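Colleague: Below is one structure. I have some questions about it.
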Amino acid sequence: MKVYFVFLCLLPSLISGASILPEPRKDVRASASNAEIQSLAEQFYAADTNKAASGDITLNLQYKASSTQTSSGTDFASQKLFNYVNEAKLFARPTFARLVDLLDNYVHTTGTAESVPTAEVNEQNAFIDEIFKTSIITKLSDFFISKGYYSSAASFKTDLKEMWFGLYTRTSGPLDSSGFEHVFHGEIHKGKISGLHNWVRLYLLEKSGQVNYLSYSSDGVWNGYPDIYAFQLKWSTYLKTLGSFFIGSSPEFDIAMYTLCYVTRPDSLCSVKMGGSIFQIQTYTWANSTYGNGKRYVASSYPNI
């Protein structure tokens, strides 16, 4: 009986092909205090040398919608949101250029499998290599190592690629989504805009005529860039009733802020500081699948305003 019992206990592992089931990642969130997270976010803000300067972006906000108007889908803005973006300056910077390279790699409607040919993998690697050259990502990496989240910059770099670019399914079907696609590219899911929290992508969609800006509902307290806004918009016929964005930030700033909160405060509101003002970032993990040692992919991350 004892031999038979042991065999039954081992049977699931034998069937799956794994001799030992992976253990979930230990919960180490308590090792990073709120004060430390806010201090590091301020360092990101000060170190964002690739951000837009005054005059690089001109917004035409037009109409501020009330809380009762944001879900109506009414077009309160007859003109475009972006009056001007200094593309020649900003998009020539290496991290911006590598980001733009990635933005044509995705099928924006969920339910269709994402194909990732070698050329696109190379673009992912080029983007990650480029942001890891910046002082912002160096600061983030050093912090994670000092707090015990990662053993080295190389292990963090490998995990960052997996958590952001690893594929999963939002439709219980094909591998049709990733954290990067959701946050930086945006998706159409169940008849609505899902994700889309990157200002470069928003600008390019509006420039190409695919996005119609409807109104704004929140304007951050910052006078320069990065700033934070909440917009209402339509992508084709699909509505986004509340979309929050860092405006004027660099790609490495967005990745660093979101990853800082994702690793230290997953599935919760994360208090950060920028230019002396505290705000929150909401993070969500993808709970339906894992990678590595029980780690979870990014489901979403955005400024909560």
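Colleague: Tell me which lysines have Cα within less than 28 Å of Lys139's Cα, excluding those fewer than 8 residues away on the same chain?
Modeller: Here the lysines satisfying the reach criterion relative to Lys139 are Lys26, Lys51, Lys89, Lys147, Lys157, Lys161, Lys273, Lys295.
Colleague: So which lysines pass the test for Lys64, namely a Cα distance under 20 Å, with those fewer than 8 places away in the same chain ruled out?
Modeller: Lys80, Lys234, Lys240
Colleague: So what's the net charge close to Phe44: Lys and Arg +1, Asp and Glu -1, counting the other residues with Cβ under 14 Å from its Cβ?
Modeller: Neighbourhood net charge equals -3.
Colleague: Measuring with a 1.4 Å probe in the full set of protein chains, what accessible area per residue, in whole Å², belongs to region 190-288?
Modeller: 32
Colleague: So, one more: Carbon and sulfur together cover what percent of the accessible area of region 69-146 at a 1.4 Å probe radius?
Modeller: On region 69-146, the fraction of accessible area on carbon and sulfur atoms equals 48 percent.
Colleague: Could you tally the net charge around Ser135, taking each other residue with its Cβ under 12 Å from the Cβ of Ser135, Lys/Arg +1 and Asp/Glu -1?
Modeller: Residues near Ser135 contribute -1 overall.
Colleague: Moving to a separate point now. With springs only between Cα atoms under 10 Å apart, run a GNM on the chain and tell me which of Gly243, Gly55, Gly275 wobbles the most.
Modeller: Fluctuation is largest for Gly55.
Colleague: So if I place +1 on the C-beta of Lys and Arg and -1 on the C-beta of Asp and Glu, and nothing else carries charge, what would the dipole magnitude of region 146-298 be about its Cα centre? I want it in debye, nearest 20.
Modeller: 220
Colleague: What's the magnitude of the charge dipole for the chain around its Cα centre, counting Lys and Arg as +1 and Asp and Glu as -1 at the beta-carbon? Answer in Debye, nearest 20.
Modeller: Charge dipole of the chain: 560 debye, to the nearest 20.
Colleague: In a Gaussian network model over the chain where Cα atoms closer than 10 Å are linked, find which of Thr158, Thr241, Thr110 has the largest mean-square fluctuation.
Modeller: Thr158
Colleague: Tell me which label goes with the value of Rg and Dmax of the Cα atoms in Å computed from the coordinates here: (i) 20.6, 78; (ii) 20.0, 71; (iii) 21.3, 72.
Modeller: (i)
Colleague: Sticking with this one: Each label point is 7 Å from the Cα along the Cα-to-Cβ direction; what then is the distance between the points at Val116 and Lys133, in nm?
Modeller: The modelled label-to-label distance comes out at 2.3 nm.
Colleague: For the chain, with a Gaussian network of springs between Cα atoms less than 10 Å apart, report the residue from Ala88, Ala256, Ala126 with the top mean-square fluctuation.
Modeller: Ala88
Colleague: Something else: Treating the beta-carbon of each Lys and Arg as +1 and of each Asp and Glu as -1, no other charges, what is the dipole magnitude of region 65-171 about its Cα centre, to the nearest 20 debye?
Modeller: Its charge dipole is roughly 380 debye.
The values are calculated or read from the model by the stated rules, or taken from the named source; none is laboratory data. Quantities reported herein were computed from a predicted structural model and do not represent experimental measurements. Here Cβ is always computed from backbone atoms with ideal geometry, including for glycine, and neighbour counts include all displayed protein chains. Areas reflect the complete protein model, heavy atoms only, side chains present, ligands, DNA and RNA absent. Shrake-Rupley method; radii C 1.70, N 1.55, O 1.52, S 1.80 Å.
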